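The values are calculated or read from the model by the stated rules, or taken from the named source; none is laboratory data. Predicted model, so just to flag it, every value in this text is computed and none were measured. Because the Cβ atoms are built from the backbone with ideal geometry, glycine has one as well, and the counts that use them run over all protein chains shown.
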Amino acid sequence: MPVPSSINDLSTTPGSNSPAGSESPATFDDYMRTFAAFIAQLRDGKPDAALAVLLAGAQTITGAKTFSVTPVVPDASFAFAKLQDIATARVLGRVTAGTGDIEELTGAQISALLPAASATAQGQVELSTNAEAQAGTDAVRAVTPANLAAVVPGLGQTTQNLTGSRAANTPYTNNTGRVRIAFITVNAAATTGATVVLNGHSVLTTNVLSNLPAQFTVVIPPGMQIQINTASSILSWWELG
């Protein structure tokens, strides 16, 4: 083996290192000087440059390294692609109590973190049901076009001729879930009275003169019952709904 030029040239097997017994004293002297230099490098904590971590410049380091203190990493040192892979439709955050690792959050978990919106604060808004929109008392839910149609008479509605299916002195319940408007005409051969009854309450009473039809326009809220009490007959019954 020639005189080593680097500590990396040495073997951990003693017999594989020189000098061999046949080499001249001058060469032996070179070996001893070189070995002394390697010992001094180890004493001073200066291993071979190929094994050292560079303080500047690019370098590939293999194997797991453990730090005794937290390393200081410059801001914006890592690209998004360097982060751990996450599942589809997830947002990074944390829902577990206390300070800790970043977690993958589902839509439901994100919603639970958001505050409710109000007239003075931004936040999550829930859509109202038709019943909530019709009640008209909810101050935290948003009304949709479908809710408006359920509340505002005439939106998306058409007139329907119900003359053949309606009779006097008979109750009919608005089960459509929407406000309906009834246009009712009654007629009598002799003067008689006519009363509009909503949910058992008489809301309008008038006389139907002989052969002079009387007309009623009645708003029927969802679930409410309407009845026309009269000795006359139903000439026509139309509803907007």
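Summary table below
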item	result
Output for the range 153-175, where each listed residue is farther than 17 Å from L235 by Cβ and surrounded by 15 or more Cβ atoms within 10 Å (Cβ to Cβ)	P153, Q157, N174
Test: residue in the range 109-125 that is within 30 Å of I220 (Cα to Cα), at pLDDT 90 or above and either hydroxyl-bearing (S, T, Y) or under 17 Å from the mean Cα position of the chain (by Cα) (or both)	no
Residues (surrounded by fewer than 15 Cβ atoms within 10 Å (Cβ to Cβ) and of a type outside the set (S, T, N, Q)) located in the range 185-212	A189, A190, G193, G200, H201, V203, L204, L209, L212
